[in-house]
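Q: Handing you this structure, nothing more for now.
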Amino acid sequence: MSFRLVVLVSGSGTNLQALLDASASDAYGARVVAVGADRDGVEGLARAERAGVPTFVERLRDHPGRDEWDESLAARIAEHKPDLVVSAGFMKILGPGVLASAPVVNTHPALLPAFPGAHAVRDALAYGVRVTGCTVHLVDAGVDTGPVIAQEAVAVRDGDDEETLHERIKQVERGLLVDVVGRMAREGWTVTGRTVRLGSRGPVPVKPETEGRTTT
């Protein structure tokens, strides 16, 4: 398993745990080599430590500004020589330093391009859609604008509120993320325009030019 993952978290780390569980099998083709966070004491770091995975923390407040924080985070990521960075509930803007260090994958609780941003589930309910879902995409310089890798639909049920709907989306999201990352590791991928194809001979990352954002 030479394909190396660095996972970024800000909270409980349920997507991280799904990746840790999957990568325990040699057949998965990838392993988590480090977990980074933007704050101390989060459960995501504890999950990594229980699995024996190295961790690091880069707090924005410890740097003069976002540019310096981004460069420092990029350097910490680069120490682990990742083939892919996975934003798994990482609630900070990623700047050009991080995005240039390795391809970055993010999950989003809506069927992009519908309902980008930090309140996707709330926005979908407010709009009255009957079907929403989750998206796994490459991160570029925009707000949830990177090329879509995979999507899965989730029906909106009568009586759903933000909490119940988001919980069902999260369950689907974990499985989709594990499947996509595993396929990227085992099969590679190519990006042509906005089309991502899994199953190529090797990865062709998207390299953004300006600051980007990840959301969950």
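The values are calculated or read from the model by the stated rules, or taken from the named source; none is laboratory data. Everything numeric in this text was worked out from a predicted model, so none of it was measured. Glycine also receives a Cβ, built like all others from the backbone with ideal geometry; neighbour counts cover every protein chain displayed. Surface accessibility is based on the protein's heavy atoms, side chains included, excluding ligands, DNA and RNA. Shrake-Rupley method; radii C 1.70, N 1.55, O 1.52, S 1.80 Å.
Q: Provide TYR28, TYR127 ordered by accessible surface of protein heavy atoms (probe 1.4 Å), highest first.
A: From most exposed to least exposed: TYR127, TYR28.
Q: Give me the percent relative contact order of the chain, please, defined on Cα pairs under 8 angstrom at least 6 residues apart.
A: Over the chain, the number comes to 21 percent.
Q: As a test of the formula, what do you get for the chain when each DSSP H run with n ≥ 4 contributes -39,500 (n - 2.57) and the sum is divided by the residue count, at 222 nm and rounded to the nearest 500 deg cm²/dmol?
A: -10000 deg cm²/dmol
Q: Quick one: accessible surface of GLU167, probe radius 1.4 Å, all protein chains present, in square angstrom to the nearest 10.
A: Solvent-accessible area, nearest 10 Å²: 80 Å².
Q: Might you report the magnitude of the Cβ-based charge dipole of the chain about its Cα centre, with Lys and Arg at +1 and Asp and Glu at -1, to the nearest 20 debye?
A: 540
Q: Which residues in segment 86-105 have a backbone N closer than 11 Å to a point placed 7 Å from the Cα of THR190 along the Cα-to-Cβ line?
A: Inside the label zone: nothing.
Q: While we're here: Hey, could you get me the Stokes-Einstein D for segment 48-94, Kirkwood radius over alpha-carbon pairs, 25 °C and 0.890 mPa s, rounded to whole µm² s⁻¹?
A: 205
Q: Direction-averaged shadow area of the convex hull around the Cα atoms of segment 118-172, nm²?
A: Reported value for the Cα convex hull: 3.9 nm².
Q: Give me the Debye-computed log₁₀ of I(q)/I(0) at q = 0.14, 0.19, 0.20 Å⁻¹ for segment 7-114, equal point scatterers on Cα only, no solvent, two decimals.
A: Calculated log10 I(q)/I(0) at the listed q: -0.53, -0.97, -1.07.
Q: Just read off the accessible area of GLU152 with the full protein assembly in place, 1.4 Å probe, to the nearest 10 Å².
A: That residue has around 80 Å² of solvent-accessible surface.
Q: Which value, in Å to one decimal place, does the Kirkwood hydrodynamic radius take for segment 62-179 when every pair of different Cα atoms is included?
A: Its Kirkwood hydrodynamic radius stands at 15.3 Å.
Q: Could you work out which residue, out of VAL98, VAL172, VAL35, moves most in a Gaussian network model of the chain, that is, has the largest mean-square fluctuation with Cα springs under 10 Å?
A: Answer for the Gaussian network model of the chain: VAL172.
Q: State, in angstrom, two size descriptors of the chain derived from its alpha carbons: Rg to one decimal place and Dmax to the nearest whole number.
A: 16.4, 48
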